[in-house]
Each structure stands twice: as structure tokens, then as C-alpha cells.
């Protein structure tokens, strides 16, 4: 099973994807961890071929759960995926989550992706690309884009799970875990960048 978890910034993609990966005992791939380099340098903006190479290496595995929305690798990810989980949650839920997450990250000062030194900083909140502002400004556009993309026959091989309420996430974890084949050998978890 190869599951891509998508949704607007702050919708809970990484949290749900990591939960699914644990329940299924498969690698968790976080596109942000692959993209963000030290000093908040994004490979998706500075070295797209390298970003694609690292993502291709990560998704070559037989099974995984991936969190992320990067357009540069969307076709590659969706082509390999068997399932697509779309977190299409109400805007109020998304905004509460992204604001709470940003506050916690700013207060605890923990490194977001090991080895990068990248941490949440209050000053970053002024940037239009900060997740709080990005989630607000792109919410409706993302909703339209995902609905349109999912309806494209190109993606008819995907089993789409559209979650519109937070309570549906736990039910999906139980459903997918109960329908997944047993894994006889332990699997590795790929949460850090593939280099």
C-alpha cells in the first residue's frame, strides 16, 4: 500500500500520515523533510532536479505513507500511490490547527527537521509564505484544485479517501490498518531527507 496524504497547509497531513505509517508498519515520508535544507533553503525552489531525485528514491519503496503537496513531484507521487487521502477539512479547523502548531513550535524552539537547524520563529509570521498566512490565502484555491485533479481520469487508479471532518481520520486509520496485508519483516521509517 502506498498512500499520499494531501491537503492545505496546516490541515494535519504529516500527523495523519505518520499515524497511518505506524499503523501499517511502513515508512513515513515527509516531503517537507526532503525539501527543507539548513537556513530554510527549499530544494523545490533552488534545485528541482535534486528534489525530484530524492523524492523518486523515497517513493521507489514497495510501501509507504507520504505527506505533502509539492507540485514539482505531484505526478510522480500520485502515479506510484495506490491511495490518496485528501484532508478537505473546514477552514476554521485548518486555521485553528495551523495557528496552534505555529505557536507550539515557536515556544518550544525545537528543530523541525533533524540536521537542518530550522526552527519556527515569530518573525517568520510576517512572511506571506508562513503556513498561517499561506493556509488562509490558498484555502479555496487548493480545494478547487484537488477536486479538479482527483476527477481527472489520469488518477482513476487511486482509491480516494476524502476526509471532511477530523473524526474521520481515526476511522480511516482503523479501516486501512485492518485491510492491509500483514508485514512479516520490520520496515524502516523514512522521516528524514533522502540524500
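Name the one entry in 123, 133, 91 that is at pLDDT 95 or above and farther than 20 Å from residue 18 by Cβ.
Sole residue among the options that is at pLDDT 95 or above and farther than 20 Å from residue 18 by Cβ: 91.
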What residue, among those in segment 15-31 that are in a helix (DSSP H, G or I) and buried (at least 20 other Cβ atoms within 10 Å of the Cβ), is farthest from the chain's Cα centre (by Cα)? 24
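Tally the residues that are in contact (Cβ under 8 Å) with a residue 12 or more places away in the chain and outside any loop (DSSP other than H, G, I, E, B), restricting the search to segment 75-103.
The number of residues fulfilling the criteria is 18.
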Which residues, counting only those in segment 36-56, are touching a helix residue (DSSP H, G or I) at 6+ places or on another chain (Cβ under 9 Å), surrounded by fewer than 23 Cβ atoms within 10 Å (Cβ to Cβ), on the phi < 0 side of the Ramachandran plot and touching a residue at least 60 places away in the same chain (Cβ under 8 Å)? 36, 37, 54
Looking at segment 121-131, is at least one residue within 18 Å of the chain's Cα centre (by Cα) and assigned to a helix (DSSP H, G or I)? yes
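The values are calculated or read from the model by the stated rules, or taken from the named source; none is laboratory data. Please read all numbers here as calculations on a predicted model, not as lab measurements. Note that we place each Cβ from the backbone using ideal geometry, even for glycine, and neighbour counts take in every protein chain shown.
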